[in-house]
Amino acid sequence: MMRKRTPAVGLGLAWLFALGAAVVAFAQPRSGIVRPTTEPAVPSAGLGAELYAGNCASCHGIAGAGIRSPRPGAGDILGAGPPLRGVGALAPDFYLRMGFMPLGNIHDQPGPEQERVLFSDTEVRSIVAYVASLGSGPAIPQPRPSTGSLAEGQQSFALRCAGCHQIVGRGGFVTGAEVPPLQNVSATKIAEAVRIGPYLMPRFSTTQISNSELNSIVRYVRSTNHPDNHGGWSIGNLGPIPEGLVAWWIAGPLLIISCRMVGRRRRR
Amino acid sequence: MKAWQWLVALLAALLGRLRRGARDTDAAASDSESAERPRIVPAGSPERKAENVVLMLLAIATVFALGFVVTYAEFAPSALPNELLGICLGMCCLFIGVALTVMSKRLVVTEELEDDYPQANPEQQQEIAEIVHESGSRITRKRLLLGTGAATGGALGLAALTPALSVGPIWDTRPLDQTPWRRGTRLVDVHGRAISAADIEQQTFYTAFPEGADPELIGSSLVVIRLDPAKLRLPAERLGWAPDGIVAYSKICTHAGCAVALYRKPLFAVVEANNALVCPCHYSTFDPFTGGTVIYGPAGRPLPQLPLMVDALGGLRAAGNFSARVGPSWWAVRNKPT
């Protein structure tokens, strides 16, 4: 017959298990970035190639060939990613400086949830130089928002961007993805995103949005950091529904107070 | 047999009415007697001043309610001043409220009952009826007050009903069926420039309008996208509608009529959601590959598709009218558009 364990023994075992799991969890390196033992201080395509092989190739393939069908890579983590030949300096600069890459899980949205830049500036420059050398592709855009027109920018933004990003750039949702807010995003990154079309966002080429129109859009987006709220209190610039709710939250108590003042209740 | 029963019922009803009438005259008689009976509620002196104030307040409320109607009639639907409409309605309600407050405080004699709520006790119930009857005794111009109150209520009701005039068309729904698109109509962009097929790139979307027509019409705006022709799964009867994979759909959501302003496309289709047109109001999601079928959200029918063709100079033109009626759904929506 089986001996009955006392509850104290069971509890102790459970504690041991939990402790063991915690030790294993903390033993994993958090960022998981692989670096060469002696890292040069100046950016170079050579350093980029090493960093790429250690940190990018498990998803983007050898020399940027891409991996189409998800397959287990290091630590049985599924790896799959688009090819990087011909993306130029544009895409790696955007994804690395936004902190969208490396991606922990290929099914995650490279976006708002995980903005952490794990590479130093030297490392980013090196990887960008390496990826750009894999095939001819677009360079990093250099928008000049000061030359753009705010009015034209708003019209353009309303026509092409505001559906997802909301007219004051506060972000939102589309089915299947989160749409990031656009505040505190640099002019270069805004221009890069327009030309790349990251994740589910459409891509806008120079024939659809010329460089001068892009300057206007960037100027408008930058202006949403400090929008002039003509109506007064902006309530987060989230639109009419929160505004209506706040109105009700103010009007409701006022109505209740006036009801109490108008009527009288006799205590017995 | 049946007629006989009806006759009995009618007689019984008549008899009942007669007897009730007799009881009413009894009550009237006892009422005149009760003139000598002691009042429960103190009589109170009539206050003509307070009555005047109430009449004034109600008149102002009526003016505000009518102001709402006039404002609504004066301005074009697109230029309605919301603040003015809100002020009119709000002030009307406020003045009605103040009038009622003045009335209850100054005109109606109040008697506080400190007992429990009376049970079915005929004596006490009669007492309450008497209190209610007597509490109006300070009012000298009952008819005038009632009339003014009715006028104010009527004006407020009128103001509340006025916006319903904008709903429609009620009987003649033909304008809803008509769109400016005909075979050969050229597609132009928001600046009125003609769009050529070569301009349309993959991975992005374009907004287009019919050349020479009012872009504000519900049947005007289009969303145009280029898809991989190999992936198109259009219904059999729409096979020629997408030259080189270019498809055009109405930009008006079939659920609540918002602009379908969101277009999502995967950068890396292996792990990302597929192409879709999404309405920002309630996230109805339409599949552009299969003819605008609903894949998510509250929309009840597909986005209407416009057949396209490319003319000799490479320009994009409509090859006919929409596959279905444009805009939010209503009872006759499944009929063919004209």
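Using 0.36 nm per residue, how much length does the chain from residue A:261 to residue A:42 gain when fully extended, once their Cα-Cα distance is taken away?
Full-extension gain reported as 71.3 nm.
What distance in nm separates the two pseudo spin-label positions at residue B:100 and residue B:231, each 7 Å out from Cα along the beta-carbon direction?
6.0
Just counting partner chain Cβ atoms within 10 Å, what average do the residues of peptide B:199-209 show around their Cβ?
4
Kirkwood hydrodynamic radius for the protein assembly as shown: how many Å is it when counted over pairs of different Cα atoms?
About 31.7 Å for the protein assembly as shown.
Can you give the translational diffusion coefficient of segment B:208-312 in µm²/s, computed by Stokes-Einstein from the Kirkwood radius over Cα pairs at 37 °C and 0.692 mPa s?
231
What trypsin sites (Lys or Arg not before Pro) does segment A:83-136 have in DSSP loop regions with at most 14 other beta carbons within 10 Å?
A:116
Where in segment B:181-197 does the label zone of residue B:259 land, with the point 7 angstrom along Cα→C-beta and an amide N cut-off under 14 Å?
The answer is B:189-192, whose backbone nitrogens lie closer than 14 Å to the label point.
Calculate the FRET efficiency for residue B:301 and residue A:188 from the Cβ-Cβ distance with a Förster distance of 45 Å, rounded to the nearest 0.05.
According to the calculation, E is roughly 0.55.
Can you tell me the relative contact order of chain B? Whole percent, Cα pairs under 8 Å, sequence separation 6 or more.
The normalised contact order for chain B reaches 14 percent.
Helix check for chain B. Which DSSP H runs span at least 15 Å along their own axis by Cα, with a mean Kyte-Doolittle hydropathy no less than 1.6?
Membrane-span-like by this criterion, though nothing is claimed about a membrane: B:82-102.
Taking the Cα-to-Cβ direction at residue B:269 and at residue B:167 and moving 7 Å from each Cα, how far apart do the two end points lie in nm?
4.5
Taking the Cβ-Cβ separation of residue A:69 and residue A:108 as r and a Förster radius of 25 Å, what is the calculated FRET efficiency to the nearest 0.05?
0.85
Can you work out the base-10 log of I(q)/I(0) for segment A:185-268 at q = 0.15, 0.24 1/Å, using the Debye formula on its C-alpha atoms alone?
Log10 I(q)/I(0), no solvent term: -0.76, -1.10.
How much net charge surrounds residue A:192 when only the other residues with a Cβ under 13 Å from the Cβ of residue A:192 are counted, with Lys and Arg +1 and Asp and Glu -1?
Around residue A:192, the surrounding residues sum to +3.
Please give the length that would be gained between residue A:245 and residue A:211 if that part of the chain were fully extended, namely 0.36 nm times their separation in residues minus their C-alpha to C-alpha distance (nm, one decimal).
Length difference between fully extended and current span is 8.2 nm.
Can you give the net charge of the other residues whose Cβ lies under 14 Å from the Cβ of residue B:78, counting K and R as +1 and D and E as -1?
Computed value for this residue: -3.
Would you mind checking the pairs B:231/B:251; B:231/B:265; B:49/B:142 and listing those with alpha carbons more than 18 angstrom apart?
Among B:231/B:251; B:231/B:265; B:49/B:142, the Cα-Cα distance tops 18 Å for B:231/B:251.
As an exercise, take the mean of 1/r over every pair of distinct alpha carbons in chain B, invert it, and state the Kirkwood radius in angstroms.
Here the Kirkwood hydrodynamic radius works out to 26.9 Å.
Between residue A:136 and residue A:167, what is the label-point separation in nm under the 7 Å Cα-to-beta-carbon projection?
Rounded to a tenth, the inter-label distance reads 4.4 nm.
Calculate, for residue B:182 and residue B:78, the FRET efficiency according to 1/(1 + (r/R0)^6) with r their C-beta to C-beta distance and R0 25 Å; round to the nearest 0.05.
Given R0 = 25 Å and the Cβ-Cβ separation, E is 0.40.
Just tell me how shielded B:125-135 is by partners: mean number of partner chain Cβ atoms within 10 Å of each residue's Cβ, no decimals.
The mean count of partner-chain Cβ atoms within 10 Å per residue comes to 0.
All of the numbers you see were taken from the coordinates with simple rules; none came from a lab. Nothing here was measured: the structure is a model prediction, and the numbers come from that model. Please note: Cβ atoms are built from the backbone with ideal geometry, for glycine as well, and neighbour counts cover all protein chains shown.
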